[in-house]
Amino acid sequence: MPVTKTRRSRHTGITLSRRAGMVFVLPALILFVIFILYPLVTALSYSLFDWTGIVRGDFSVLDNYVTIFTQLPYKDAIPNAFVHNILLFVGAMVFQNTIGLGLAVLLHRVRRFKRFFQTVYTLPYLVSPLVVGYLWSLMLSPLFGPVNAILKGVGLDALAQPWLGNPTTAIWVVVFVTAWQWVGFPVLLYGAALGGIPDEIDEAASLDGASSWQRFRDITGPLLLPAIGTVSVLTFIGAMEAFAIPYALGGSAGNPAGATDVLSLLFYRTAFESGSSNAIGTSSAIATLLFLFIFGVALLMTWLMRRAERRLY
Amino acid sequence: MTATTSRPVGKRLTLGSFLGSGFLWLYALIAIAPLVLMVLNSFRTMPEMAKSPLGLPLEPSLTSYQKAWITADFQTYFFNSIFVTVASVLLSTAVSLLAAYAFARTKSRIFTLLEGTFLSGLMLPVYLAILPLFFLLDSLGMVSNLWSLILVYAALGIPFSTFVLTGFFRQLPIELDEAAKLDGAGSFTTFLRVHLPLVRPAIATVIVFRFVPVWNDFFYPLILIRDQKAYTLPVGITRFFGEYQTDWATLFAGLTLATIPLVVLFLLATKQIVSGLTAGMSK
Amino acid sequence: MMRRALSLAAGVAGVALLLGGCAPSAPVNETAASSGDDVTLKVWSWRTEDIDAYNTIFDVFEKEHPGITVDFEAFQNTEYNQILTTGLAGSDGPDVPMVRAYGQLQPNIEAGQLDPIDDIVDGLDDIAPSVLAGAKGKADGKTYAVPLATQTLQMFYNKDIFKENGLEVPTTWDEFIALNDTLLEKGITPMALGVKDDWMMPIFADIVGSARYGGSAFEGEVLDGSKTFEDPDYVASLQIVADMKKYLTPDVVGVSYTDSQVQFTSGQAAQFPGGSFEIATFASQAPDLNIGSYQVPLPPDAVSPTPVSPAYADGNFAINSKSKNKEAAAELLNWLATPEFGQLVADDLNQFSAIPGVTYSNEVMQEAWDNYQKGEAPYLLLVDFRYGDPLGTAVLGPQIQKIFMGEQDAAGAATALQDGISQWFTPTP
């Protein structure tokens, strides 16, 4: 996703009348309203009612919200899952995006095999997250998985682990597998941003005797800031909505013992696997809070990003 | 490609660049090893795998592929997936192009508001709205109809696509429009003849980045498609998981088959994507 | 529909389908029902592994009931609940859905999605009350479905491994422990268990511990409030679970359910504590595998007088209250309650039918059935404690995982279980 720093004052003007503009927007607007906005608003309103199966009952104000903060299993499960979502975000920022940035910077200086590397790094992104999760859970199986077999084969028996069965390693496996799948994304984005920085700037600094780290810190780094901002916001949204990979690695219950539970899984369990007949009400309350949180933080991040950019340029 | 024309800065072979390329190769190995393993194991048999998890297919067997292709009815799923993915990506790209053009070429509060609303779609956990969506489509009599998937996916693609495309249209100098206007072209003709050709790299980017999630999505068809003849590949695969959960060779074969089309698409389009992204980032 | 491709009705339906493809708003389904006397019944199930068997079984029904075609559709087990939730709510749902039993059936009943069948189906009285309980509404006591099968939980073992090592089926607790110690000494994993999948844990707990806490007697006491799960006997049964850890693979917390199946079928483990639903799976995965089953002997201080096989009703067939073909659906349900169908369940599905009078030609099944007849008990958490949120099984599963990880003890797990179900459960003295 390109991050555009348009100089609006010079480039953008008005060539479309309001009416013509509306005609252009209309098809997209119709699709968006019918298939996204309407169902979403409806879903959020579900959280304010008491449900019996799929039959809507009385308006219950905030009862469902009270339930998810005061009753088992929610009052324990929500903080537990929330912490894991945050871990996924931090983990993705630290590993996926740093490695991605490193790879992109290295790739930028490489001539041969460039396209080959780009393609290989992006391959995991093309594979369905369900397949990725399934593949890795087989790879990490303590009985039949090659990962432990390799570790034992090279004499590192002590490192061989029940990776997905140990609560301290399990969530990190989720972080790692997510990073493995998504690393191509920052590589492509940062690569594109680097491609957009004129070489002359870098070369001039190089002639001035700046080391490559200095050049990165003082020139390339700041110029990458908008891209870094975009990647961070998208990573945050992705981490808060994480579903497919945790589901494929730990099942809907976030096995073992809730060690890989995340908010989307909790929503899924509540909506489709709980014994409560008010499942729709409770699950919609969880969904609404999740949405408000993502929305609020994403807006805040965007705002901070804009401010940082303005200060720099 | 821009990259080949821009000369890399460090030309001498230093320790740093040696370590650097070592890291590139190492990561390439990490990225590709599990996928290679998946392909290799699809040629082995189940008992072989249970005895030794690591191993080469010394006597490669194609039975798993036969099983996956024939018994799992993969060909039907393939056709459905291609139809749904192509149609929905084209539809969402088309409507997003129009909308993005309007956002870039108008200045009015209502359009800023609409642009923001579309953009907020990027942050919505949309799958949470599955129940109302199901009731809506059901009341329209569209459940089990591939068009329901196409419309839903097309709508889901709008936030991302307008976000990317609006940025591109904004970069095109306003003089273009003015020149076209002087030639007597209407706004739609200007859009079609002048702007569209210029944002081609962006279109490629949008298409590929929408193609991948739509092709891989299993959640919507799971709920919206009940007729086995209308299954898409990912739902076919979840069903396949149920039937062959302990027959790993067949599972791997199915997973490999499901992944190949995307890899081919990406190989064909890498150049377009990279130049599209670069163009978007550079201005 | 394809089966009757030559009939005019199908032709009309085909045109409708084509039109549906072009005009998104035109409905595609429900075309078959409108034509003549022929009725197509949509039957849904989560048994993807049984598709072929069900098609054979319903062929028998179709032959005896001309004019009714059964269209059997199976969805993956793990996604079935959500498919059914929306399926019963929408207009293109099944006529006859396979529904869950006991507590998991209640949301469908409370929402009015199923029709009561007490007056529609004959032969319900012949079904054992404990099995039929799985098909009843908790609030109104009406029957809403015909039970399909009984699952019993026992210890399966690899006969060849036992023979090669000169081992016998244990009849006392000491023999049971000695057996497992011997296997351990010989370097064979005594039991294959998928600890990574939480749902398997309460099953294991009841296989080794039900007799210790007292099976059916304890069920009565918990339900009337004279005992809770913090009772010393229940805690002791969880302690037995904890003590079994040394007989499992070293890294067992990372072993998934499917891994454990492969471990057993590939001969890498001697025993598999599991449900009778495994018999069919084992048979198709490893046809050469020689298996038998036994009830885990009475542990010291056991409350039950004899060893028991915990059991529960699994799978029910119901009538969707929105079905347009209720007459045909009733006809099908009546057939599903006959010994004829019961026998097909036994022969083709390798399941224990809910209908009495069925015989088992399969030796493994007969053996497991005989064991069950010797001592019955309810699979307590599934039968009685899935009527509210959180489910009893969903609380105990992770607790037992924690026991195996060394993060929880038996008493703590029992307390957590009691706290969880107290959220919704009130005893009725």
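When residues in segment C:286-344 are screened for being of a type in the set (S, T, N, Q) and under 30 Å from C:VAL262 (Cα atoms), 6 of them pass. Scanning segment B:1-44 for residues that are surrounded by fewer than 19 Cβ atoms within 10 Å (Cβ to Cβ), at pLDDT 75 or above and more than 8 Å from chain A (Cβ to nearest Cβ) yields B:PHE18, B:LEU19, B:GLY22, B:TRP25, B:LEU26, B:LEU29, B:ALA33, B:VAL36, B:VAL39, B:LEU40. Restricting attention to segment A:9-28, the residues that are more than 7 Å from chain B (Cβ to nearest Cβ), in contact with a helix residue (DSSP H, G or I) (Cβ under 9 Å, 6 or more places away or on another chain) and either modelled with pLDDT of 90 or more or part of a helix (DSSP H, G or I) (or both) total 4. The number of residues in segment A:199-226 that are facing chain B (nearest Cβ under 9 Å), farther than 13 Å from A:HIS108 by Cβ and in contact with a helix residue (DSSP H, G or I) (Cβ under 7 Å, 6 or more places away or on another chain) comes to 2. Taken across segment B:239-255, residues that are under 19 Å from the mean Cα position of the chain (by Cα), assigned to a helix (DSSP H, G or I) and not assigned by TED's automatic domain parsing to the domain that holds B:ARG44 do occur, with at least one present.
Looking at this structure, is B:ASP177 within 11 Å of chain A (Cβ to nearest Cβ), among the acidic types (Asp, Glu) and either buried (at least 22 other Cβ atoms within 10 Å of the Cβ) or within 23 Å of the chain's Cα centre (by Cα) (or both)? No; evaluated as a whole, the condition is false for this residue. Has segment C:125-140 got any residue that is of a type in the set (A, V, I, L, M, F, W, C) and either buried (at least 24 other Cβ atoms within 10 Å of the Cβ) or within 7 Å of another protein chain (Cβ to nearest Cβ) (or both)? Taking every residue of segment C:125-140 in turn, at least one turns out to be of a type in the set (A, V, I, L, M, F, W, C) and either buried (at least 24 other Cβ atoms within 10 Å of the Cβ) or within 7 Å of another protein chain (Cβ to nearest Cβ) (or both). Annotation note: Cβ proximity below 6 Å between a residue of segment C:199-224 that is more than 15 Å from C:VAL235 (Cα to Cα) and a residue that is hydroxyl-bearing (Ser, Thr, Tyr) (sequence gap 6+ or interchain) occurs for C:MET200/C:TYR257. Please find, among C:SER321, C:SER293, the residue that is within 14 Å of another protein chain (Cβ to nearest Cβ), at pLDDT 90 or above and in contact with a strand residue (DSSP E or B) (Cβ under 9 Å, 6 or more places away or on another chain). It is C:SER321. Comparison of C:THR56, C:THR78 shows that the only residue that is modelled with pLDDT of 85 or more and surrounded by fewer than 20 Cβ atoms within 10 Å (Cβ to Cβ) is C:THR56. The set of residues in segment C:347-400 being surrounded by fewer than 23 Cβ atoms within 10 Å (Cβ to Cβ) and farther than 29 Å from C:GLY220 by Cα consists of C:ASP347, C:ASP348, C:LEU349, C:VAL358, C:THR359, C:TYR360, C:SER361, C:ASN362, C:GLU363, C:VAL364, C:MET365, C:GLN366.
The condition of being part of a strand (DSSP E or B) and polar (S, T, N, Q) holds for only one of C:SER293, C:SER284, C:SER237, that being C:SER293.
In this structure, C:PRO390 does satisfy being within 14 Å of chain A (Cβ to nearest Cβ), out of contact with any Cys (no Cβ under 9 Å at 6 or more places or on another chain) and not charged (D, E, K, R). For segment C:131-145, state whether one or more residues are over 20 Å from the mean Cα position of the chain (by Cα) and in a strand (DSSP E or B). For segment C:131-145, residues over 20 Å from the mean Cα position of the chain (by Cα) and in a strand (DSSP E or B): absent. Residues considered: C:SER260, C:SER284. Of these, the only one that is within 14 Å of chain A (Cβ to nearest Cβ) and hydroxyl-bearing (Ser, Thr, Tyr) is C:SER260.
Kindly indicate whether any position in segment C:397-406 is away from every other protein chain (no Cβ under 11 Å) and either part of a helix (DSSP H, G or I) or touching a residue at least 24 places away in the same chain (Cβ under 8 Å) (or both). The answer is no, given that none of the residues of segment C:397-406 is away from every other protein chain (no Cβ under 11 Å) and either part of a helix (DSSP H, G or I) or touching a residue at least 24 places away in the same chain (Cβ under 8 Å) (or both). I'd like to verify a number: residues in segment A:149-163 that are of a type outside the set (D, E, K, R) and not in a loop (DSSP other than H, G, I, E, B), how many? Of the residues in segment A:149-163, 6 are of a type outside the set (D, E, K, R) and not in a loop (DSSP other than H, G, I, E, B). Condition first: buried (at least 21 other Cβ atoms within 10 Å of the Cβ) and either part of a loop (DSSP other than H, G, I, E, B) or not assigned by TED's automatic domain parsing to the domain that holds C:GLY375 (or both). Now tell me which residues in segment C:260-281 satisfy that. Scanning segment C:260-281 gives a single hit, C:SER276. Candidates are the residues of segment B:108-158 that are outside any helix (DSSP H, G or I) and in contact with a Gly (Cβ under 8 Å, 6 or more places away or on another chain); the one that is surrounded by the fewest Cβ atoms within 10 Å (Cβ to Cβ) is B:SER108.
Just one residue in the set C:GLY87, C:GLY93 is in contact (Cβ under 8 Å) with a residue 40 or more places away in the chain, assigned to a helix (DSSP H, G or I) and in contact with a strand residue (DSSP E or B) (Cβ under 7 Å, 6 or more places away or on another chain); that residue is C:GLY87. The requirement of being outside any loop (DSSP other than H, G, I, E, B) and in contact with a Pro (Cβ under 8 Å, 6 or more places away or on another chain) is satisfied by C:SER210. Scanning segment C:296-322 for residues that are of a type in the set (D, E, K, R) and not in a strand (DSSP E or B) yields C:ASP301, C:LYS322. Those helices (runs of 4 or more DSSP H) of segment B:163-225 in which at least 1 residues are farther than 30 Å from C:ASN77 by Cα, considering only elements entirely within it, cover B:174-182, B:200-216. Scan B:GLY184, B:GLY141 and give me the residue that is at positive phi, out of contact with any helix residue (DSSP H, G or I) (no Cβ under 7 Å at 6 or more places or on another chain), free of Cβ contacts under 8 Å to residues at least 12 places away in the same chain and more than 9 Å from every other protein chain (Cβ to nearest Cβ). Only one candidate qualifies: B:GLY184. Restricted to helices (runs of 4 or more DSSP H) entirely inside segment A:68-128, those with at least 3 residues that are polar (S, T, N, Q), within 7 Å of chain B (Cβ to nearest Cβ) and at negative phi are A:114-126. The residues in segment C:48-82 that are assigned to a helix (DSSP H, G or I) and either on the phi > 0 side of the Ramachandran plot or within 7 Å of chain B (Cβ to nearest Cβ) (or both) can be counted, and the count is 5.
Kindly provide the set of residues from segment B:203-243 that are more than 9 Å from every other protein chain (Cβ to nearest Cβ) and hydroxyl-bearing (Ser, Thr, Tyr), ordered by number. Hits for segment B:203-243 are B:TYR220, B:TYR231, B:THR232.
The values are calculated or read from the model by the stated rules, or taken from the named source; none is laboratory data. Computed from a prediction, not measured in an experiment: that's the story for all the values here. As a convention, Cβ positions derive from the backbone with ideal geometry for all residues, glycine included, and neighbour counts pool all protein chains shown.
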